[in-house]
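Chemist: Before we start, here is the structure in question, set down as structure tokens.
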Amino acid sequence: MSTLMDNANTVSAEVDAAVIEALHEALESGELVLFVGGGISAAAGLPTWRQLVDLLVERVREQTGDEVAIAEVAALARSQRYSEALGAAEQALGPAEFNAFVEDALDDEGLEPPRIAIAIAALRDKLRAVLTTNLNHLLERAFGVEWDAMWRVTDEVAWRRRFILKLHGTLKEPHSWVFARERFLASIAPPDVRKSLTTVLSRCPVLFIGFGRADGNFDEMLADIHALSGASPPPRFVIAPGSSLTPLRRKALADMGVLLLPYDTPDGSHDRVLAILERTCAPRPRAITSRGRSIVPPPIPDLELPPSSSSPLGALHDLPPDSAAYDDTAAMTGALEASRRERASEPPASPIEVFFSYSESNRELRDKLETHLAILKRKGVIRGWHDGEIGAGEERDTALAEHLETAKVILLLISADFLASDFCYDVEMQKAIARHERGEARVIPVILDACDWEGAPFGRLASLPRGGRPVTSWVNQSEAFTDIAKGIRKQVEQLTQNPS
């Protein structure tokens with residue numbers, strides 16, 4: 001009997017079909033989390049981790065001539081211990097030289113998102129979130145501005161939706177890079193962070209895609225997720241080249257309860273991934289269940305927001321070919337196209353109050369932000385409030401305290417002056433964080449100007465504009481404020497769907 005991929009390394013057609021049905025059900029649940037590997041970067045022409053380490057070996061040779069250091073990096077690369085190899089290269093070159101070299105080697109500026117990224121992004125209306133080990137911005141560009149990118153694990157992952165979590169950091173922020181396994185484990189060690197990850201991974205199905213035999217840390221990362229997933233986790237799926245799944249590796253994955261979808265790469269490409277995704281997304285006449293009940297667990301109680309309705313995926317369409325493929329490239333002959341979700345949300349019965357906490361020196365920037373929120377105000381979705389709304393004869397401190405206590409969204413407009421202000425930092429910010437932690441309000445840091453804010457109590461929260469890039473650093477500040485307005489709109493839409 002022929003198999004889906006028709007080679008000796010794949011499982012039987014019946015098992016393939018059963019796994020695809022399970023994956024389809026997970027996708028339709030709206031709870032599926034994607035874990036995306038380096039194949040997406042390689043498909044765009046960027047180096048794989050192995051190729052990056054090889055380049056660094058040559059760089060160490062050029063810059064230092066230290067044969068011991070060269071041999072150490074090369075030996076770690078041969079053992080596929082790439083995170084350790086990167087650490088050894090950083091030590092040999094020094095942080096400044098290492099950071100500059102890596103940033104240049106992995107820079108995706110001018111590169112179009114590859115077809116595999118576009119195909120994955122076509123699923124976005126049915127996904128809960130995306131985790132990735134990639135530093136570049138290809139996925140963010142493929143998913144579009146409606147998805148936020150985060151590169152610090154925070155307690156928000158337990159309830160947020162439609163975000164990309166970059167577990168190794170992001171390219172233009174070297175301080176965010178987490179190559180060493182010890183640093184990654186340290187980053188998820190805080191109890192609130194670990195609890196958030198466990199909450200999601202113990203209840204949400206996970207699909208791994210874009211990993212191949214050149215991903216030395218894949219098994220370690222999967223083991224970490226397995227450890228965080230609890231005793232009876234939901235399904236976990238792996239789409240990977242059959243040639244990368246040795247008998248020992250298959251057994252290890254099976255022991256962790258992973259459902260495999262191997263595929264052939266007869267011509268060196270990974271175009272058969274598309275067939276799996278297409279079958280996964282195809283409409284079914286009825287839901288498939290296992291032993292009479294759904295394999296997808298119920299939504300996370302009290303921590304998540306209900307998924308919005310989404311339009312079905314469209315059909316295949318042809319795309320131009322990618323550049324030459326690497327060992328773990330996922331080059332495709334086509335991609336899935338998804339129609340955008342039409343949001344027909346009704347305005348709330350009463351507008352959601354948005355409180356502006358800011359330093360007086362940033363009044364002009366506050367006014368510009370308020371202007372960019374005008375459409376939400378016109379629709380009656382929000383009502384902005386700041387100290388400029390205090391009328392004649394009103395007690396200022398009383399009015400501020402009352403609105404800070406009742407606002408559902410609190411914007412912290414961050415600058416050096418905000419951090420230096422006793423009232424902004426010690427009164428308004430502390431009160432806002434306390435309400436956020438009790439689930440009474442959403443606190444959103446808005447980074448107006450460059451300052452050392454990441455160690456502040458709000459530093460663990462996702463900030464706007466995306467990536468925490470200060471508004472004043474944008475060439476076109478209107479683009480920054482538009483990005484902020486879209487981020488606020490998303491939070492407000494979530495609140496209207498899940499009022500408390």
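The values are calculated or read from the model by the stated rules, or taken from the named source; none is laboratory data. Just so you know, these numbers come straight off a predicted model, no measurement behind them. Don't worry about glycine lacking a Cβ; one is built from the backbone with ideal geometry, like all the others, and counts go over all protein chains shown. Note: areas computed on protein heavy atoms with side chains; ligands, DNA, RNA excluded. Shrake-Rupley method; radii C 1.70, N 1.55, O 1.52, S 1.80 Å.
Chemist: Could you figure out which of (1) touching a residue at least 24 places away in the same chain (Cβ under 8 Å); (2) in contact with a Phe, Trp or Tyr (Cβ under 6 Å, 6 or more places away or on another chain) isn't true of V178?
Modeler: Single failed check for V178: (1).
Chemist: Scan region 403-435 for residues that are of a type outside the set (V, I, T), farther than 13 Å from V446 by Cα and in contact with a strand residue (DSSP E or B) (Cβ under 8 Å, 6 or more places away or on another chain) and report the count.
Modeler: 8
Chemist: Same structure again: One residue is enough: does region 165-173 have a residue meeting the conditions among the β-branched types (V, I, T), on the phi < 0 side of the Ramachandran plot, crowded, with 19+ Cβ neighbours inside 10 Å and more than 14 Å from the chain's Cα centre (by Cα)?
Modeler: no
Chemist: Anything in region 120-164 that is assigned to a helix (DSSP H, G or I), open to solvent by less than 10 Å² (accessible area, probe 1.4 Å) and more than 22 Å from A189 (Cβ to Cβ)? List them, or say none.
Modeler: I120, A121, L138, L139, F143
Chemist: What are the residues in region 87-119 that are at pLDDT 90 or above, open to solvent by less than 10 Å² (accessible area, probe 1.4 Å), of a type in the set (A, V, I, L, M) and under 30 Å from F143 (Cα atoms), if any?
Modeler: V102
Chemist: Next up: Identify, from the list D422, D426, D397, the residue that is free of Cβ contacts under 8 Å to residues at least 12 places away in the same chain, over 30 Å from the mean Cα position of the chain (by Cα) and under 14 Å from P457 (Cβ atoms).
Modeler: Exactly one residue qualifies, and that residue is D426.
Chemist: Here's a check for you: in region 461-471, which residue that is open to solvent by less than 60 Å² (accessible area, probe 1.4 Å) and either free of Cβ contacts under 8 Å to residues at least 40 places away in the same chain or within 20 Å of the chain's Cα centre (by Cα) (or both) is nearest to A416 (Cα to Cα)?
Modeler: That would be P470.
Per-residue answers, yes or no, for (1) without any contact (Cβ under 8 Å) to a residue 60 or more places away in the chain; (2) over 18 Å from L167 (Cβ atoms); (3) open to solvent by less than 10 Å² (accessible area, probe 1.4 Å):
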residue: F35; (1), (2), (3): no, no, yes
residue: I40; (1), (2), (3): no, no, yes
residue: A44; (1), (2), (3): no, yes, no
residue: W49; (1), (2), (3): no, no, no
residue: L52; (1), (2), (3): yes, no, yes
residue: V57; (1), (2), (3): yes, yes, no
residue: G65; (1), (2), (3): yes, yes, no
residue: A71; (1), (2), (3): yes, yes, no
residue: A74; (1), (2), (3): yes, yes, no
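Chemist: Would you please name the residue that is nearest to G169 (Cα to Cα), looking only at residues in region 76-86 that are among the charged types (D, E, K, R) and either surrounded by fewer than 21 Cβ atoms within 10 Å (Cβ to Cβ) or in contact with a Phe, Trp or Tyr (Cβ under 7 Å, 6 or more places away or on another chain) (or both)?
Modeler: If we take residues in region 76-86 being among the charged types (D, E, K, R) and either surrounded by fewer than 21 Cβ atoms within 10 Å (Cβ to Cβ) or in contact with a Phe, Trp or Tyr (Cβ under 7 Å, 6 or more places away or on another chain) (or both), then R81 is nearest to G169 (Cα to Cα).
Chemist: Quick one: in region 426-453, of everything that is more than 22 Å from Q477 (Cβ to Cβ) and in a loop (DSSP other than H, G, I, E, B), which residue is most open to solvent (accessible area, probe 1.4 Å)?
Modeler: R438
Chemist: Go through region 109-123 residue by residue and tally those that are closer than 18 Å to T170 by Cα and over 17 Å from the mean Cα position of the chain (by Cα).
Modeler: Residues that pass the stated criteria total 4.
Chemist: Residue under question is R194, and the condition is that it be modelled with pLDDT of 80 or more, of a type outside the set (D, E) and surrounded by fewer than 22 Cβ atoms within 10 Å (Cβ to Cβ); does it hold?
Modeler: Taking the combined requirement at face value, the residue satisfies it.
Chemist: Filter region 224-256 for residues that are modelled with pLDDT of 80 or more and β-branched (V, I, T); which is most open to solvent (accessible area, probe 1.4 Å)?
Modeler: Filtering first and then ranking leaves T246.
Chemist: Sort out which residues of region 475-494 are of a type in the set (D, E) and in contact (Cβ under 8 Å) with a residue 12 or more places away in the chain, and write them in order of number.
Modeler: D483, E493, listed by residue number.
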